[in-house]
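> Below you'll find the structure I mean.
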């Protein structure tokens, strides 16, 4: 079966890329606002690299979910393999190919910056490869927080400033919380089918009612956290520019709270809607950080 370039791109789930790209972009903007940006061009390379790692991880996860029976004909979400659009070995090769490119680019950045980045990268790659089995034992949320928030943000500070700047983790909380909510909404929707596949996600262990409450918390926390950081003087009040996205967050919250009345269809596409929230929240935050410096 021949595939177009668009087919290969869609197989990587590009709608989810804000989860990995936005933490890097927020870190770059924060470093610049703090006068700590020394190698902006390395930040751009880091952005490309994290998206490659994310794309490889998406395909890797889809391959394992299909083999494990997690993705089936009656499940929501990814249907690349279920509908026969690709053969399993094709996705496996795609994932390995993307991972090889990402590792090569990562090693180039290590050569340009220092060995500290190697250890951050190795942890990130290991967690990405181990994500499927870790997700199956309810550790997926923690892996996502580490891989697509804390590790890349710390790594980018080292890449762009020649030293790790732990203060960036103040912003890892709001950005990472929405990132975790993307996965959590997916797992909340798929509780029954995941149970059939005999895997255990965090949403399964807590039950859907608690999982819905947790999703609401993950969307409310970023705004409360930003208010706290502003009150403590950690960031400028311009960071509250991200609060313009509150109506979008409220729409997502209304969707998840309508589950009791509307059933599974109410949250069928909530993961994609949460990824969109991540995109506009982070972009708004970046605008705030830039305005705080220029105005």
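> With the convex hull built on the Cα atoms of region 150-295, state its orientation-averaged projected area in nm².
The orientation-averaged projected area of the Cα hull of region 150-295 comes to 9.8 nm².
> Could you grab the relative contact order for region 130-264? Cα pairs under 8 Å, six or more apart, rounded to a whole percent.
Contact order relative to length: 23 percent.
> Would you calculate the volume per residue, in Å³, of the smallest convex hull containing every Cα atom of region 80-133?
71 Å³
> Could you pull the Cα extents of region 222-271 along its three principal axes, largest to smallest, in whole Å?
Principal-axis extents of the Cα atoms in region 222-271, largest first: 43, 15, 14 Å.
> Follow-up question, since we're still on this one. Which peptide among 200-210, 257-267 comes first, and what is the full order, when sorted by highest mean count of other Cβ atoms within 10 Å?
200-210, 257-267
> Right, here's the next one. What nm distance separates the two modelled labels at residue 272 and residue 234, each placed 7 Å from Cα along Cα→Cβ?
3.4 nm
> Can you put 93, 135, 198 in order, fewest other beta carbons within 10 Å first?
198, 93, 135
> Quick check of the Kirkwood formula: for the chain, what is the inverse mean of 1/r over all pairs of different Cα atoms, in Å?
19.6 Å
> Specify the residue with the greatest mean-square fluctuation among 182, 28, 164, computed from a Gaussian network of the chain linking alpha-carbon atoms under 10 Å apart.
Largest GNM mean-square fluctuation: 164.
> Which order do the peptides 3-13, 171-181, 39-49 come out in when sorted by mean C-beta neighbours inside 10 angstrom, highest first?
171-181, 39-49, 3-13
> Another question about this same structure. Any idea what the relative contact order of the chain is, in percent, if you count C-alpha pairs under 8 Å spaced at least 6 apart?
Worked out over the chain, it gives 23 percent.
> Rounded to the nearest 500, what is the chain's calculated 222 nm mean residue ellipticity when only DSSP H runs of at least 4 contribute -39500 (n - 2.57) each, over all residues?
-23500 deg cm²/dmol
> Is any residue of region 9-24 close enough, with backbone N under 17 Å, to a label point placed 7 angstrom from the Cα of residue 83 along the Cα-Cβ axis, and if so, which?
9-16
> Over region 203-251, what per residue volume does the convex hull of the Cα atoms give, in whole Å³?
Cα-based convex hull of region 203-251, divided per residue, equals 76 Å³.
> Rounded to the nearest 0.05, what FRET efficiency do residue 126 and residue 163 have when you use their Cβ-Cβ distance and R0 = 25 Å?
Working from the Cβ atoms, E equals 0.60.
> Just want to confirm a number: the relative contact order over region 226-295, from Cα pairs under 8 angstrom separated by 6+ residues, in percent.
45 percent
> Would you mind giving the three semi-axes, in whole Å and largest first, of the ellipsoid equivalent to region 124-236 according to its Cα gyration tensor?
29, 19, 7
> Still on this structure: So if I take the centroid of the Cα atoms in region 106-169 and the same for region 215-264, what is the distance between those two points in Å?
About 25 Å separates the Cα centre of region 106-169 from the one of region 215-264.
> Calculate the spin-label point distance for residue 68 paired with residue 262, positioning each point 7 Å from the Cα along the beta-carbon direction, and give it in nanometres.
2.8 nm
> For the pair residue 9 and residue 290, how long in nm is the line joining their label points, each one 7 Å along Cα→Cβ?
For the pair residue 9/residue 290, the computed spacing is 2.3 nm.
Only the coordinates and a few stated rules stand behind these numbers; no lab work does. Because the structure is predicted, anything quoted here is derived from the model rather than measured. Positions of Cβ are backbone-derived with ideal geometry, glycine not excepted, and every protein chain shown enters the neighbour counts.
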